[in-house]
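Below: one structure, written as structure tokens.
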Amino acid sequence: LRAFENELGVQPPTGFWDPAGYCTEGDAYDFFRRRVVEIKHGRVSMLACLGYIVPEYFRFPGFLSPSSAIKFSELPTGLAAITKVPALGWFQTVIFIGNMELFACYQDP
């Protein structure tokens with residue numbers, strides 16, 4: 001398939017590398033969408049790594065939940081923190097991420 005040989009990121013010796021055959025039809029919109037999704041997943045992965053590493057060295061001062069008297073300094077690190085964050089905190093996180101996905105981080109083709 002030579003439809004995407006001139007795209008950014010195509011390098012010798014492989015040229016346009018599509019081992020799974022997702023772009024065999026040569027549809028430009030599908031190519032653009034997959035490229036945007038790949039970049040977004042990469043950014044989410046980098047932020048997830050930072051979110052796992054940074055709490056080992058830095059904690060915000062103050063309370064995570066003043067009504068439950070949970071301080072940031074009392075939270076465990078890693079996956080153990082999932083059960084310690086109140087449900088309303090997770091709800092706020094999901095709403096924020098949903099708004100970012102729908103409105104702020106949207107790319108038009």
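The figures follow:
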quantity	calculated
Point-to-point label distance, Val10-Val36, nm (Cα→Cβ direction, 7 Å offset)	2.1 nm
Area projected by the alpha carbon convex hull of the range 1-65, averaged over all directions, nm²	7.5 nm²
Calculated from backbone phi, Karplus (6.51, -1.76, 1.60) coupling profile of the range 64-81 in Hz, x at Gly/Pro	6, 9, x, 5, 9, 6, 9, 8, 4, 5, 8, 6, x, 9, x, 5, 5, 6
Residues of the range 78-99 with amide N under 17 Å of the 7 Å Cα→Cβ point at Ile53	78-79
Between helix 28-53 and the chain: long-axis angle, C-alpha atoms, 0 to 90°, nearest 10	30 degrees
The chain, helix-only ellipticity at 222 nm - DSSP H runs n ≥ 4, -39,500 (n - 2.57), divided by all residues, nearest 500	-12500 deg cm²/dmol
Kirkwood Rh and Cα Rg combined as Rg/Rh, the chain	1.16
Accessible-area composition of the chain, carbon plus sulfur, in percent [1.4 Å probe]	63 percent
Between 0 and 90°, nearest 10: helix 87-99 axis offset from the chain longest Cα axis	30 degrees
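The values are calculated or read from the model by the stated rules, or taken from the named source; none is laboratory data. These numbers were taken from a predicted model, which means no experiment stands behind them. Positions of Cβ are backbone-derived with ideal geometry, glycine not excepted, and every protein chain shown enters the neighbour counts. Each accessible area value is taken on the protein alone, full model and side chains, heavy atoms only, with ligands, DNA and RNA left out. Shrake-Rupley method; radii C 1.70, N 1.55, O 1.52, S 1.80 Å.
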